[in-house]
Amino acid sequence: CTVMVVLFCAGCTSLLLEASFGPVDVILNKNVNQKKYARIAVVPYDVSGYDGMGRDKVSGAAMSDRYTFELMKAGYEVVERQRLEVVIKEQELSITGLMNPKSSLKVGQILGIQGFVFGSVSGHPNAFSVMTRLVDAETGMNIWSIVISNNIEKNAIKMKRRGHFGGG
């Protein structure tokens, strides 16, 4: 299914990540017309649950920029994050205010978008999860969700047991 391929590519920062470290789960709301969601805005990711330090620290803006790139490659028209932030500020809202359907409807109408992409990162550098979801700007309904889970230590042990690494 084309939609599944698009969603898979849109949610993955790298196919190598999925192949090497962990599963990618895609949940698609089959009760909606996916083609309706052509113009979207990506909200900065919530990274408050990620315990990265030093070079492993991530920013919500950097995560949203990476996913914006993937979504554009998949064919979505994505409103610039700076434009979204200006409208949010003009409407005297916060990012969390977009979770309110009345607020998201107003911002969605101003930007001419059908959906918002929200995301979060949790865990630490060796075991983390990235969740990305498209939410209807008018109703607040989840359209699709993608979760990438990774446990580097556990997967390295599995790969060693399978003989993927040299040594005894």
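The values are calculated or read from the model by the stated rules, or taken from the named source; none is laboratory data. Remember, it's a predicted structure, so these values are computed and weren't measured experimentally. Remember, those area values only see protein heavy atoms, side chains included, never the ligands or the DNA or RNA. Shrake-Rupley method; radii C 1.70, N 1.55, O 1.52, S 1.80 Å.
Here are some pairs, 30/57; 30/89; 73/102; which of them have Cα atoms lying more than 32 Å apart in this structure?
Values: 30/57 36 Å; 30/89 34 Å; 73/102 30 Å.
Long pairs (Cα-Cα over 32 Å): 30/57; 30/89.
A 1.4 Å probe run over the protein chains yields, for region 37-103, 59 Å² of accessible area per residue, whole-number rounding.
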